[in-house]
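Asker: Could you have a look at this structure, given as structure tokens, before my questions?
Nothing in this text is a laboratory measurement; each read-out follows from the coordinates by a stated rule. Since the model is a prediction, treat every value here as computed from it, not as a measurement. Here the Cβ is made from the backbone with ideal geometry for all residues, glycine too, and neighbour counts use every protein chain on show.
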Amino acid sequence: MIKANVILDSPKWGKKIKNPKKYIKDRLKKLSKVFPFRNKNKEFSILLTNNKKMKNLNKKFRKKNKFTDVLSFPFNYKNNKNYYLGDIAISFELINKRSLETNFFKEFDKMWIHGYFHLIGYDHKKKKDFKKMNKKENLILNYLHKKN
């Protein structure tokens, strides 16, 4: 099964998601039943942080002196049969602000799914690539949030 290391860098996350590690694990387990991952020995990390940290990361790695909702750092390291895809960082404040009009869990899922797609090679520099990536993200998001 695909695995995510969840690093809680801001206590605000714990107030919205009781156990972020279990939440992500459950989401990946649910997805693996319907969306087979090509190689099941994949791993990535998610840093749940705040705007200040996101601004620092964005400035350091993208030369943009502003905070952002999600950052992805593809790594794609292969060790025997295991793949380390890379890291995702997500800002609490932006997700929380957006969730005032929708739902916190849906906004959070949107961001880590978006980050995951960047880790596996998708981008949205061109409009056609954006549409392709967005279509796949929405397919997954709709599956995770469908009413049973």
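Asker: Considering amide H positions built from the backbone, and no H for Pro or chain starts, which residues 5 or more places from Val6, or on another chain, come under 5 Å of its amide H?
Answerer: Under 5 Å from the amide H of Val6 lie the amide H atoms of Ile46, each far enough along the sequence or on another chain.
Asker: Shifting gears a bit: Quickly estimate the mean residue ellipticity at 222 nm for the chain, helices only: each DSSP H run with n ≥ 4 gives -39500 (n - 2.57), and the total goes over all residues, rounded to 500.
Answerer: Values: 6 runs with 74 residues, N = 148.
Helix contribution divided over all residues of the chain: -15500 deg cm²/dmol.
Asker: Over the chain, calculate the relative contact order: mean separation of alpha carbon pairs under 8 Å at least 6 apart, over the residue count, as a percent. Before the final figure, lay out the partial values.
Answerer: On the way: 226 pairs, mean separation 30.4, N = 148.
Once normalised by length, the contact order is 21 percent.
Asker: Another one. Read phi for every residue in the stretch 69-82 and hand back ³J(HN,Hα) as whole Hz from Karplus 6.51 cos²θ - 1.76 cosθ + 1.60, θ = phi - 60°, with x for Gly and Pro.
Answerer: So the Karplus estimates, Gly and Pro as x, are 6, 9, 10, 10, 10, x, 10, 6, 9, 10, 10, 6, 9, 9 Hz.
Asker: Rounded to the nearest 5, what % of DSSP beta bridges with both residues in the stretch 15-100 are antiparallel? Let's see the in-between values first.
Answerer: Details: 8 of 16 bridges.
Taking every DSSP beta bridge with both residues in the stretch 15-100, the antiparallel ones total about 50 percent.
Asker: Give the cross-link partners of Lys63 among the lysines, using a straight C-alpha distance below 16 Å as the criterion and excluding same-chain residues fewer than 8 apart.
Answerer: Lys52, Lys53, Lys55
Asker: On a full-extension model of 0.36 nm per residue, what is the gain between Lys106 and Lys63, subtracting their alpha-carbon distance, rounded to one decimal in nm?
Answerer: On the way: separation 43, 0.36 × 43 = 15.48 nm, distance 2.92 nm.
The Lys106-Lys63 span can extend by a further 12.6 nm.
Asker: Please state the charge dipole magnitude for the stretch 72-148, taken about the Cα centre, from unit charges on C-beta atoms (+1 on K and R, -1 on D and E), reported in debye and rounded to the nearest 20.
Answerer: Numbers: 16 positive and 8 negative charges, 102 e Å.
Charge dipole, the stretch 72-148, about its Cα centre: 480 debye, nearest 20.
Asker: Separate question: Going by average Cβ density within 10 Å per residue, which order do the peptides 136-145, 74-83 take, highest to lowest?
Answerer: Values: 136-145: 14.0, 74-83: 11.8.
The most tightly packed comes first, giving 136-145, 74-83.
Asker: Which length gain, in nm to one decimal place, applies between Met1 and Glu93 when the Cα-Cα distance is subtracted from 0.36 nm times their residue separation?
Answerer: Working: separation 92, 0.36 × 92 = 33.12 nm, distance 3.04 nm.
Going from the current span to full extension adds 30.1 nm.
Asker: Quote to one decimal, in nm, the extra length available between Lys15 and Lys30 on full extension: 0.36 nm per residue of separation minus the C-alpha distance between them. Write out the running numbers ahead of the final one.
Answerer: Working: separation 15, 0.36 × 15 = 5.40 nm, distance 2.34 nm.
So the extension gain works out to 3.1 nm.
Asker: What does DSSP give for the chain in terms of the percent of beta bridges that are antiparallel, rounded to the nearest 5?
Answerer: Details: 8 of 22 bridges.
Percentage antiparallel, nearest 5: 35.
Asker: Write out the GluC sites (Glu not before Pro) in the stretch 1-105 meeting two conditions: DSSP loop, and at most 10 other Cβ atoms within 10 Å of their Cβ. All intermediate terms of the calculation are to be shown ahead of the outcome.
Answerer: Working: sites: Glu43, Glu93, Glu101; in loops: Glu101.
When the GluC sites (Glu not before Pro) of the stretch 1-105 are filtered for loop state and at most 10 Cβ neighbours within 10 Å, Glu101 remain.
Asker: Could I ask something else about it? Return the subset of Lys3/Lys131; Lys25/Lys97; Lys30/Lys60; Lys30/Lys59 for which the Cα-Cα distance in this structure is over 31 Å, preserving the input order. Kindly include the intermediate steps, with their values, before the conclusion.
Answerer: Details: Lys3/Lys131 27 Å; Lys25/Lys97 24 Å; Lys30/Lys60 35 Å; Lys30/Lys59 35 Å.
Pairs exceeding 31 Å: Lys30/Lys60; Lys30/Lys59.
Asker: Wrap a convex hull around the Cα atoms of the chain, take a quarter of its surface area, and give that in square nanometres.
Answerer: 9.4
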